[in-house]
Amino acid sequence: MAITTTWKVDIGTQAAPTDFTSRVMSMSISQQVDVNEIGRGQCIITLLNKDGALTPGGGGTYSSTDWFAQGVYVNALTNTGAGATSTDVFDGVIVDFDLVDNGVYSTVTITALDGLTVAAKTVGSQIGVFSSTDYKNAYDQLVDRTGIVFPRLGRTNAEGIVSYEWAASTWLISQMSGDTIYPSTYADALQTYLIPSVNDVTWPTNISATGTVANYNIISLGYTTTRSTANRVTYTFDPAGSISGTDLPFDNDDFQQAFNNDTLINQAQIKGVSTGQTTQTSTNSTNTTYGNRTVQYLAVLTESDTKSLDRATLLTNRYGTSRFTPVNIRTTASMVKARAADAAESTWRNLLGITSGLWQKTTITWTGSGASSQTANCVIKGRQINVTPDDAIVTLTLGNWVDNHAFILDTDKLNTDRLG
């Protein structure tokens with residue numbers, strides 16, 4: 001047998017979307033995550049409209065559809081025989097609709113963004129004292145439907161639901177003691193004040209429902225920037241001729257390495273927003289050869305100057321070393337079908353999944369021109385998935401594994417992996 005991959009594209013309400021798969025001509029999905037940034041996802045789909053069914057006001061089946069009230073739900077179906085297993089690859093909300101029609105031939109290209117990106121454009125009112133001082137409470141309050149406005153997608157209400165893959169309640173943030181912050185939008189509240197307070201890695205995943213409420217699901221990894229044991233997957237990519245078990249193939253022609261100087265941090269400045277807190281600066285003195293590569297977060301919800309300095313020090317400890325590391329790797333559905341063993345089906349499916357495919361350890365083995373075989377451990381920071389009727393091309397954006405996770409007992413090695 002062999003691993004096959006097909007796709008299903010639904011558009012519409014969360015409860016009862018319509019299957020548009022037969023109209024899909026091409027599809028491109030882009031998803032990125034990183035430390036101290038709100039993760040983001042985008043999907044662009046070109047649909048065949050030769051029958052005019054999608055033309056607004058054209059009298060066709062969908063001519064009166066309010067496209068900007070609709071969700072997009074993309075699933076990959078993989079199998080090695082009868083009965084495919086489905087996984088969520090992208091869920092989002094339509095934000096653009098582009099019709100091309102010359103009177104003979106017509107296409108529609110829709111663009112969808114993840115629900116958190118759409119909802120975070122909500123204008124932020126003043127935010128005063130949170131009901132408790134832990135990070136989880138603050139995050140939950142910011143994405144609760146009483147303030148931020150998520151599209152309802154046919155449900156009565158909608159809200160963000162954050163899954164914390166760390167003990168979020170153990171990290172205290174500022175109570176603000178009556179201080180007030182004035183974010184321009186909820187995106188500003190999350191990005192400027194909240195996320196950098198613990199150096200979080202966080203991103204939106206799928207859209208589900210609880211009763212009459214649409215749930216926009218979000219993952220938070222917190223200050224450990226490490227997937228929980230239950231959600232941890234390791235992907236192994238091997239060169240042609242060495243692929244077995246659950247390992248996956250990759251395209252040597254599109255494998256890239258580079259120095260990580262664009263993301264180097266050897267000085268970090270963090271300041272709590274509460275009255276009386278001061279700017280805390282950490283400098284990695286062993287790397288001043290490169291000049292100061294400084295990041296600043298000067299209005300975060302840290303509990304104290306001590307916590308601000310802890311956050312700044314973690315950044316300079318983790319990201320102060322210049323490394324030559326893999327930065328891109330590419331594989332395809334056709335390559336997986338031709339080269340991977342059947343045992344790799346669940347691995348391939350997990351790689352495509354929005355909840356399981358990002359911020360995971362990835363081990364790559366390759367041999368460069370005139371060089372001996374090398375193996376590197378990386379973390380997946382993003383992916384580009386381009387789907388056509390013939391194939392699906394998956395390009396992964398990578399970071400260094402050592403820099404981007406906390407020490408894992410019984411897995412990591414002392415003097416190699418970081419304790420903090």
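Please treat every number below as a calculation from the coordinates, not as lab data. This is a predicted model, so every value here is computed, not measured. Glycine also receives a Cβ, built like all others from the backbone with ideal geometry; neighbour counts cover every protein chain displayed.
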Ala371-Thr156 pseudo-label distance in nm [points 7 Å out on the Cα-to-Cβ vector]: 6.0
Using a Förster distance of 22 Å, the FRET efficiency for Thr388-Ala240 (Cβ separation, nearest 0.05): 0.45
Karplus-derived 3J(HN,Hα), 6.51/-1.76/1.60, for each residue of segment 212-229, Hz, glycine and proline x: 9, 10, 6, 9, 8, 7, 9, 10, 10, 9, x, 5, 7, 6, 9, 5, 5, 4
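Show me the chymotrypsin sites (Phe, Trp or Tyr not before Pro) within segment 1-107 that DSSP assigns to loop and that have at most 11 other Cβ atoms within 10 Å of their Cβ.
Numbers: sites: Trp7, Phe20, Tyr62, Trp67, Phe68, Tyr73, Phe90, Phe97, Tyr105; in loops: Phe20, Tyr62, Tyr105.
Counting only loop positions with at most 11 other Cβ atoms within 10 Å, the chymotrypsin sites (Phe, Trp or Tyr not before Pro) in segment 1-107 are Tyr105.
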Three-way shape call for segment 118-224 based on the alpha-carbon gyration tensor, with the a/c threshold at 1.5: oblate
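For the chain, what does -39500 (n - 2.57) per DSSP helix run (n ≥ 4), summed and divided by total residues, give at 222 nm, in deg cm²/dmol to the nearest 500? All intermediate terms of the calculation are to be shown ahead of the outcome.
Numbers: 5 runs with 43 residues, N = 420.
Using -39500 (n - 2.57) per qualifying helix, the result is -3000 deg cm²/dmol.
May I ask you to derive the FRET efficiency for Thr61 and Thr185 from their Cβ-Cβ distance with R0 = 25 Å, giving the value to the nearest 0.05? Provide the component values of the computation, followed by the final result.
Working: r = 36 Å, r/R0 = 1.45.
Calculated transfer efficiency: 0.10.
How much length would be gained if the chain were fully extended between Gln296 and Thr279, taking 0.36 nm per residue of separation minus their Cα-Cα distance, in nm to one decimal? Write down the numbers at each step before the final one.
Numbers: separation 17, 0.36 × 17 = 6.12 nm, distance 0.94 nm.
So the chain would gain 5.2 nm between Gln296 and Thr279.
Let's see if you can work this out: charge +1 on each Lys and Arg Cβ, -1 on each Asp and Glu Cβ, no other charges. What is the dipole magnitude of the chain about its Cα centre, in debye to the nearest 20?
Details: 26 positive and 37 negative charges, 80 e Å.
For the chain, the charge dipole is close to 380 debye.
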Inter-part distance where segment 24-91 and segment 340-368 are each reduced to a Cα centre, Å: 23
Residue-span extension gain [Phe68 to Ser169] - 0.36 nm each, minus C-alpha spacing: 32.7 nm
Amide N of segment 1-33 lying under 18 Å from the label point, which is placed 7 angstrom from the Cα of Leu77 along Cα→Cβ: 2-12, 16-27
Derived scalar couplings ³J(HN,Hα) [segment 61-73; Karplus, 6.51 cos²θ - 1.76 cosθ + 1.60; whole Hz; x for Gly, Pro]: 4, 10, 5, 9, 5, 7, 4, 7, 9, 9, x, 10, 10
Extension gain (nm, one decimal) between Thr4 and Leu48, 0.36 nm per residue minus Cα-Cα: 13.4 nm
Spatially proximal lysines relative to Lys361 (Cα-Cα < 19 Å; intrachain offsets below 8 disregarded): Lys381, Lys413
Sparse-neighbourhood loop sites, trypsin sites (Lys or Arg not before Pro) in segment 141-231 - DSSP loop, at most 14 other Cβ within 10 angstrom: none
